[in-house]
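The values are calculated or read from the model by the stated rules, or taken from the named source; none is laboratory data. Note that the coordinates shown come from a computational prediction; the quantities given were computed from them, not determined experimentally. Please note: Cβ atoms are built from the backbone with ideal geometry, for glycine as well, and neighbour counts cover all protein chains shown. Accessible surface areas use protein heavy atoms only, side chains included; no ligands, DNA or RNA. Shrake-Rupley method; radii C 1.70, N 1.55, O 1.52, S 1.80 Å.
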Amino acid sequence: MRARIASAAQQFGRDPGSVSLLAVSKTWPAAPIAELAAAGQRAFGENHVQEALDKIRALAALDLEWHFIGPLQANKTRPVAENFAWVHSVDRLRIAERLSLQRPTSLPPLSVCIQVNVSGETTKSGVSAADAPALARSVAALPRLRLRGLMAIPAPTDDFAGQRRAFRCLRELLERLTADGLSVDTLSMGMSDDLEAAIAEGSTLVRVGTAIFGERY
Ligand SMILES: *Cc1c(COP(=O)(O)O)cnc(C)c1O
């Protein structure tokens, strides 16, 4: 997977070291995660709180970095604030406020990305591009969170130019946040089927499940 990322980076004139890999381990048990960790992978993504907590406990000795990437309900924010390093899927202020309140002071601030719905109605999660800058400003002001950037899951398409268009929209939004004075460094975009287009448009973190672990069952 690093080779595929490096080759895409080279093709689009980017430093391969500027694209980090989040291994999306949702639905997979602890054993294959431990195997990948032994091969040097540190960051893992999960989208269900309970399933993730079981694995985080089972693998606690490995010092892994856990990223929450799924829809987050208000009644599940506490275990996420207490057990994860990142949340990629913040799409409303109420969730961000709870995460900030519940983040233990013994841990560094929780890194968060705002999830943006760049494809209009096709997906339900994510704030609209129009509302993203205001939400970003509010989230950046919360004391126990560190706003890192933006995340998107565009509607799937086989058309490379179409994939790039959606990712470009997210990159331009991030540039706007920077112009507004926010200090952000992360474009969380690109999955198994579209990571080349995401890297072409400036992705700094690709979230890859199937292409690493195989088809989910
Ligand atoms: C499942 C998932 C991924 C990984 O998708 P693949 O197509 O298996 O690479 C990435 N991001 C999010 C938010 C996911 O839920």
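Protection proxy ranking for 1-13, 71-83, 179-191, using the average of other Cβ atoms within 10 Å per residue and placing the highest first: 179-191, 71-83, 1-13. The mean of 1/r over all pairs of different alpha-carbon atoms in the stretch 2-213, once inverted, gives a Kirkwood hydrodynamic radius of 17.3 Å. Shape class of the stretch 74-117 from the Cα gyration tensor (axes a ≥ b ≥ c, square roots of the eigenvalues): prolate, since a/c reaches 1.5 or more and a/b is larger than b/c.
Between the amide H of residue 146 and those of 110, 111, 112, distances stay under 5 Å, these residues lying 5 or more places away or on another chain, with hydrogens modeled in the peptide plane. What the phi angles of the stretch 89-101 give under the Karplus curve with 6.51, -1.76 and 1.60, with θ = phi - 60°, is a coupling list of 10, 6, 10, 8, 5, 4, 5, 4, 4, 5, 4, 5, 4 Hz, glycine and proline written as x. Using the rule -39500 (n - 2.57) for each DSSP H run of four or more residues, divided by the residues of the chain, the 222 nm mean residue ellipticity is -11500 deg cm²/dmol. For the stretch 183-188, the Karplus equation 6.51 cos²θ - 1.76 cosθ + 1.60, evaluated at θ = phi - 60°, returns couplings of 9, 10, 9, 10, 10, 8 Hz by residue, with Gly and Pro reported as x. Atom-type composition of the exposed protein surface of the stretch 1-130 places 53 percent of the accessible area on carbon and sulfur (1.4 angstrom probe).
Residues in the stretch 2-213 average 45 Å² of solvent-accessible surface per residue, probe 1.4 Å, ligands and nucleic acids excluded.
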